[in-house]
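Q: Take a look at this one; I'll ask things after.
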Amino acid sequence: MRNIALIDITHYYRNKKVFSGLSLQIPSGKLTCLLGASGSGKTTVLKLIAGLEVAHSGKVVLGGETLTEGKDLRVPPHQRGVGYIFQDLALWPHMKVWENIAFGLQVKKVTDYRQKVMTMAEKLQIGHLLEKYPGELSGGQQQLAAIARSLVLEPKVLLLDEPLANLDVKLKKKVIAQVLEAKSAQGLTLLYVSHDHREAFSIADRILVLREGQLAAAGSPEELRKAPNDYLQDFIEL
Amino acid sequence: MLNQALSRGTENLMKAFSLLQLEMITSFQLASLGAFLLSFLGLAFAYLKNRQSSVAFDFALLLIFALPSVVAGLALIRFYNRPSLSFIYSSPLILLVAWVMRYLWVSERILHNRYMQLPVHFEQVAWLCGASGWKTFQTIVLPLLANAWFSAFLVSFIFCMGELGTAIMVYPPGTSLLPIKIFTLMANAPQSLTSALCLVSLLFTGLVLTGWIGIWTLIRKATGWV
C-alpha cells in the first residue's frame, strides 16, 4: 500500500508561511486531483512528497514509512519510488528521447535498459520518436516522452504538476488515457495537480481542494458535487 | 592602418611578421592557458554562486575588474615581489595570475547568466532518477552550459591577447607578449612598420579565433551539445 499522508505540515517559502498545520491523505492506487487557485500551495505539496523541499515541521509519510519529520530528511528523493512530471516537462534538450528515458535506468545500472526503454516507448506509442530530440517533438509527444521517462523507473507514486495545461482537448484525452492505463497496470498512486476543475471532476477518484495553504474540501467527485461547501461552490461554480 | 602597412608592398608586413614571431607563439600559448583557466574558474564560481549566492564575492570580483590596469599591476608587484613568491613573480605565472584576477568577473558573469536560464527542474529530475551531484553536473548542466563556456573562453582569450596595462608592469624577463612588443617597437619604428605590426597582430588574433571556433564547431557536432 502506498498511501501518502502529510501530517501537521508547517512550511515557509522566503519567510512567507505557505502551510500552517496542513494535513491530508492520498489513497493508494487511486487518482487524486489537487485543485486550487494559483499560490494555494499545490506544487509545494508535490515537492514535499518528492523530497525536493523539506517542511519546517510536520511529517510526510509514504506507505507507512516516514520520509521526513520536521527538517529531518529520512529518505532521499531518489529512494522514495516517486516519479515527478513537471509543468514544463523538463526534458533535457541536449539528449535524444531515448537518452531522456534511459537516463534513470542507466544511473541505476539496469542492464537491460534498452529493452525497457523500447517496451515503454511502444506502450506509449512513441517508439518512432526515440531518435529525435525533444525540440523536434510536438507538445503531446513531449508529454508522452516525459511520462515514459517517469514510468520506466516503475515508480509506486506519480506526481503530475499540471503537465497537460498547454495541450488541446483531444491530446489531453489521449495522454490522460495513457496515464490511467499505466495506473491500472502498475497499481500507481497518482497525485495530479490541476486548476481545471472540469478536468479534475472527470478523471479523479478523489479530489482535494487547497485554499491559501489549507485543505478547503476533500472527497470523491460525487461527494463534492452533492455537498459542496461555500468556497468550493464559489471556486468551481458548481 | 591598412594603407600605411601596405605602403611599401608586403615588405613591412614581412618585417613585422619576423619581428613578432616569437611573441605570437608566447602570446598564443599564455592567452590560451589564461582563457582555459578563466573559463573553468568562471564555470566553477558560476555553479557555486547559484548554490550559495555571495553578493560580497561578486562585488569583489567586479571591483577588481574595474581597477585601472596600472593599479592592478602595482598591487601584484607589491604582493608577489618577495622571495617566497618569486616562483610566481619571476615566471609567466604572474601573467596568468594578473589575467585571472582582472577578468574572472567577466567569465563568471557570462556563465552565471546562462546558468540562471536553465530551469532548476532539469537538475531535480536527474536527482529523482538517482543521479549524484557530479553526475548531474557532468551530464545535464555541463552540456547545457557548453556554449556559454566557449563564449567565456573566447572573450577571455581576446582579453588576454590584448592586455597591456598590467602585463607591461609585471612581465618576467625573457617573456614578451604581442602588445608589449608592439608598444616597445613603436617608439622608434616608422609609422608604416607600426601599422604593419598592428595589422599582423590583428590578423593573427583573428586567425586563432577562427581556429578556436572551427574546433568548437567540430566538438559540438561530435558531442551533440546544444
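The values are calculated or read from the model by the stated rules, or taken from the named source; none is laboratory data. Since the model is a prediction, treat every value here as computed from it, not as a measurement. Because the Cβ atoms are built from the backbone with ideal geometry, glycine has one as well, and the counts that use them run over all protein chains shown. Just so you know, the surface numbers come from the protein's heavy atoms only, side chains and all, with ligands and any DNA or RNA stripped out. Shrake-Rupley method; radii C 1.70, N 1.55, O 1.52, S 1.80 Å.
Q: Out of everything in the stretch B:188-218 that is without any contact (Cβ under 8 Å) to a residue 12 or more places away in the chain and open to solvent by less than 80 Å² (accessible area, probe 1.4 Å), what residue ends up being farthest from the other protein chains (Cβ to nearest Cβ)?
A: B:PRO190
Q: Take the conditions at pLDDT below 95, within 14 Å of chain A (Cβ to nearest Cβ) and open to solvent by less than 30 Å² (accessible area, probe 1.4 Å) and apply them to B:LEU118. Does it pass?
A: The answer is yes for B:LEU118.
Residues checked against (1) among the basic types (Lys, Arg); (2) in a helix (DSSP H, G or I); (3) open to solvent by 40 Å² or more (accessible area, probe 1.4 Å):
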| site | (1), (2), (3) |
| --- | --- |
| B:ARG8 | yes, no, yes |
| B:LYS15 | yes, yes, yes |
| B:GLU23 | no, yes, no |
| B:GLN29 | no, yes, yes |
| B:GLY73 | no, yes, no |
| B:ILE77 | no, yes, yes |
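Q: Just the residues that are among the charged types (D, E, K, R) and over 20 Å from the mean Cα position of the chain (by Cα), please, taken from the stretch A:44-78.
A: Looking only at the stretch A:44-78, we keep the residues that are among the charged types (D, E, K, R), and these are A:47, A:53, A:59, A:65, A:69, A:71-72, A:74.
Of everything in the stretch A:44-78, those that are among the charged types (D, E, K, R) and over 20 Å from the mean Cα position of the chain (by Cα) turn out to be A:GLU69, A:LYS71, A:ASP72, A:ARG74.
Q: With respect to B:ALA167, determine if the residue is buried (at least 18 other Cβ atoms within 10 Å of the Cβ), among the aliphatic types (A, V, I, L, M) and within 14 Å of chain A (Cβ to nearest Cβ).
A: Considered against the rule, which asks whether it is buried (at least 18 other Cβ atoms within 10 Å of the Cβ), among the aliphatic types (A, V, I, L, M) and within 14 Å of chain A (Cβ to nearest Cβ), B:ALA167 comes out as no.
Q: Could you please find all residues in the stretch B:31-46 being in contact with a Leu (Cβ under 8 Å, 6 or more places away or on another chain) and open to solvent by 10 Å² or more (accessible area, probe 1.4 Å)?
A: B:LEU33, B:LEU37, B:LEU41, B:LEU43, B:PHE45
Q: Within the stretch B:121-156, track down each residue that is open to solvent by 30 Å² or more (accessible area, probe 1.4 Å), within 12 Å of chain A (Cβ to nearest Cβ) and under 24 Å from the mean Cα position of the chain (by Cα).
A: B:GLN138, B:LEU142, B:ASN147
Q: Could you tell me which numbered condition A:ARG149 fails, if it satisfies all but one of (1) surrounded by 19 or more Cβ atoms within 10 Å (Cβ to Cβ); (2) of a type in the set (D, E, K, R); (3) modelled with pLDDT of 90 or more; (4) more than 24 Å from A:TYR113 (Cβ to Cβ)?
A: Among (1) surrounded by 19 or more Cβ atoms within 10 Å (Cβ to Cβ); (2) of a type in the set (D, E, K, R); (3) modelled with pLDDT of 90 or more; (4) more than 24 Å from A:TYR113 (Cβ to Cβ), the lone unmet condition for A:ARG149 is (4).
Q: What single numbered condition from (1) open to solvent by 80 Å² or more (accessible area, probe 1.4 Å); (2) under 22 Å from B:PHE157 (Cα atoms) fails to hold for B:ASN3?
A: (2)
Q: Given A:LYS96, A:LYS109, which one is at the interface with chain B (Cβ under 9 Å from one of its Cβ atoms), open to solvent by 30 Å² or more (accessible area, probe 1.4 Å) and among the basic types (Lys, Arg)?
A: Being at the interface with chain B (Cβ under 9 Å from one of its Cβ atoms), open to solvent by 30 Å² or more (accessible area, probe 1.4 Å) and among the basic types (Lys, Arg) holds for just one of A:LYS96, A:LYS109, which is A:LYS96.
Q: Among the residues of the stretch A:51-63 satisfying the criterion of being β-branched (Val, Ile, Thr) and away from every other protein chain (no Cβ under 14 Å), which is surrounded by the most Cβ atoms within 10 Å (Cβ to Cβ)?
A: The qualifying residue surrounded by the most Cβ atoms within 10 Å (Cβ to Cβ) is A:VAL60.
Q: May I ask you to list the residues in the stretch A:3-44 that are closer than 19 Å to A:ALA204 by Cα and either open to solvent by 60 Å² or more (accessible area, probe 1.4 Å) or of a type in the set (S, T, N, Q) (or both)?
A: A:ASN3, A:GLN25, A:SER28, A:LYS30, A:THR32, A:THR43, listed by residue number.
Q: Just to check your reading of the model, which residue among A:LEU73, A:LEU48, A:LEU67, A:LEU89 is open to solvent by 50 Å² or more (accessible area, probe 1.4 Å), out of contact with any Phe, Trp or Tyr (no Cβ under 8 Å at 6 or more places or on another chain) and within 14 Å of chain B (Cβ to nearest Cβ)?
A: A:LEU73
Q: Which members of the stretch B:48-70 meet the condition of being within 15 Å of B:MET169 (Cβ to Cβ), open to solvent by 70 Å² or more (accessible area, probe 1.4 Å) and aliphatic (A, V, I, L, M)?
A: Hit for the stretch B:48-70 is B:VAL70, nothing else.
Q: Can you tell me which residue is nearest to A:ALA146 (Cα to Cα) among those in the stretch B:129-141 that are assigned to a helix (DSSP H, G or I) and free of Cβ contacts under 8 Å to residues at least 60 places away in the same chain?
A: Once the filter is applied, the top-ranked residue is B:ILE140.
Q: Among (1) within 30 Å of B:LEU144 (Cβ to Cβ); (2) among the polar types (S, T, N, Q); (3) in contact (Cβ under 8 Å) with a residue 12 or more places away in the chain, there is one condition B:SER69 misses while meeting the rest; what is its number?
A: Going through the list (1) within 30 Å of B:LEU144 (Cβ to Cβ); (2) among the polar types (S, T, N, Q); (3) in contact (Cβ under 8 Å) with a residue 12 or more places away in the chain, B:SER69 breaks only (1).
Condition check ((1) on the phi > 0 side of the Ramachandran plot; (2) outside any loop (DSSP other than H, G, I, E, B); (3) touching a Gly at 6+ places or on another chain (Cβ under 8 Å)) across all residues:
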| position | (1), (2), (3) |
| --- | --- |
| A:LYS109 | yes, no, no |
| A:MET118 | no, yes, yes |
| A:GLU122 | no, yes, no |
| A:GLN125 | yes, no, no |
| A:HIS128 | no, yes, no |
| A:GLU131 | no, no, no |
| A:GLN142 | no, yes, no |
| A:ALA145 | no, yes, no |
| A:ALA148 | no, yes, no |
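Q: Additional query: Of all residues in the stretch A:197-217, which are at negative phi, open to solvent by 50 Å² or more (accessible area, probe 1.4 Å) and not in a helix (DSSP H, G or I)?
A: Hits for the stretch A:197-217 are A:ASP205, A:ARG206, A:ARG211, A:GLN214, A:LEU215.
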